[in-house]
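The values are calculated or read from the model by the stated rules, or taken from the named source; none is laboratory data. Predicted model only: the values in this text are computed from it and were never measured. Virtual Cβ from ideal backbone geometry, glycine too; neighbours counted across all protein chains shown.
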């Protein structure tokens with residue numbers, strides 16, 4: 001199921017704390033960075049915090065700039081993003097500022113939590129996700145029922161930790177403040193547990209007065225048919241590579257990336273790369289990887305188009321090349337139409353051999369874009 005783009009936003013001290021233990025909230029960001037955050041809020045469809053943050057910080061979570069709010073309205077959006085909080089218990093203060101400022105609000109909770117919240121008179125749409133909280137179900141609800149395409153998550157540490165550990169965070173915007181807290185009782189940004197492996201990719205650093213903004217993207221693929229945020233990043237790259245293909249009236253334009261389980265890119269390729277008029281994207285990418293590379297059996301191949309099952313130009317179709325390389329996970333955006341080969345079913349060839357094929361259909365239009373001239 002399609003999910004929103006999940007952006008985690010946080011500021012921490014040099015020793016990794018979100019706050020101290022004093023009665024007032026510790027302000028870690030600079031004035032200029034608070035304004036940057038306001039701009040990010042204005043750009044998203046919804047802002048989410050955990051119930052613990054509502055209790056501890058009593059936030060309003062507003063877009064403060066009148067100009068930014070006016071721009072949202074001019075674009076046909078609500079003046080304020082949807083405000084979302086998540087609480088399994090539903091035990092929240094109905095007088096909290098969260099409920100009484102801004103626009104629409106949603107409380108995502110459990111069956112028991114919904115009963116408590118309604119009894120308390122919480123001023124929000126109270127939505128039960130079932131007997132237990134499930135982050136994937138929460139994100140699917142926001143995407144499908146509330147139209148949320150970009151979601152900003154502002155805390156707390158438990159929420160950030162869970163979304164990262166479950167591979168559901170698309171982006172981390174982390175601000176580092178030049179001070180120390182040093183109190184072991186103070187809240188930290190990330191808690192213990194099993195995180196996805198691999199290094200995150202640093203895509204931006206920026207000095208903002210006396211703080212530093214760092215933007216990271218996850219890189220580690222999902223496992224089996226479970227989709228991680230990094231799967232979407234890599235498939236988007238495959239779609240970008242398809243746009244590099246020399247145009248052809250007799251073959252598709254396709255991009256492919258081979259990624260190890262730890263998020264290391266092993267190779268990339270695209271159709272007709274290097275002046276070879278018949279090379280396929282997956283073929284071009286796999287040719288750049290040492291066939292003895294021990295990372296191949298745990299790797300994922302991302303291809304903008306389903307790997308071919310039959311071809312006239314070379315003896316081995318791409319589905320066979322992937323299997324022969326030892327790869328057993330493929331993520332694609334678009335099933336091959338019958339334009340050149342009737343009954344194409346590369347996915348069938350792969351799954352029959354024990355590989356997992358994941359289709360992220362929300363990227364199909366991007367994969368089709370460089371092939372529009374072949375339609376009709």
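Assorted remarks:
- Of the criteria (1) touching a residue at least 24 places away in the same chain (Cβ under 8 Å); (2) outside any helix (DSSP H, G or I); (3) under 18 Å from residue 49 (Cβ atoms), which one residue 127 fails: (1)
- Subset of segment 255-279 that is within 28 Å of the chain's Cα centre (by Cα) and not in a strand (DSSP E or B) - its residue that is surrounded by the most Cβ atoms within 10 Å (Cβ to Cβ): 271
- The helices (runs of 4 or more DSSP H) found entirely in segment 1-77 that carry 1 or more residues being surrounded by fewer than 19 Cβ atoms within 10 Å (Cβ to Cβ) and in contact (Cβ under 8 Å) with a residue 60 or more places away in the chain are 31-43, 51-57.
- Among the residues of segment 97-123, those that are surrounded by 19 or more Cβ atoms within 10 Å (Cβ to Cβ) and part of a loop (DSSP other than H, G, I, E, B) comprise 102, 110, 122.
- The condition of being over 19 Å from residue 117 (Cβ atoms) and out of contact with any strand residue (DSSP E or B) (no Cβ under 8 Å at 6 or more places or on another chain) does not hold for residue 91.
- Residues (buried (at least 18 other Cβ atoms within 10 Å of the Cβ) and without any contact (Cβ under 8 Å) to a residue 40 or more places away in the chain) located in segment 361-373: 368
- Of the candidates 179, 133, 202, the single residue that is assigned to a loop (DSSP other than H, G, I, E, B), within 26 Å of residue 226 (Cα to Cα) and in the same structural domain as residue 73 (by TED's automatic domain parsing) is 133.
- Looking across 57, 35, 75, 112, one residue alone is over 30 Å from residue 214 (Cα atoms) and assigned by TED's automatic domain parsing to the domain that holds residue 136. It is 112.
- Selection from segment 321-346 of residues that are free of Cβ contacts under 8 Å to residues at least 24 places away in the same chain and surrounded by 14 or more Cβ atoms within 10 Å (Cβ to Cβ): 337
- Of the candidates 220, 185, 169, 194, the single residue that is surrounded by fewer than 15 Cβ atoms within 10 Å (Cβ to Cβ), touching a helix residue (DSSP H, G or I) at 6+ places or on another chain (Cβ under 7 Å) and part of a loop (DSSP other than H, G, I, E, B) is 194.
- The sole residue among 282, 292, 306, 336 that is within 25 Å of the chain's Cα centre (by Cα) and in a loop (DSSP other than H, G, I, E, B) is 306.
- Out of 358, 349, sole residue that is in contact with a helix residue (DSSP H, G or I) (Cβ under 8 Å, 6 or more places away or on another chain), under 20 Å from residue 323 (Cα atoms) and either free of Cβ contacts under 8 Å to residues at least 60 places away in the same chain or assigned to a loop (DSSP other than H, G, I, E, B) (or both): 349
- Listed by first and then second residue, the pairs with beta-carbon distance under 7 Å, at least 6 apart or on different chains, first residue in segment 229-242 and surrounded by fewer than 24 Cβ atoms within 10 Å (Cβ to Cβ), second assigned to a helix (DSSP H, G or I) and at pLDDT 95 or above, are 236/363.
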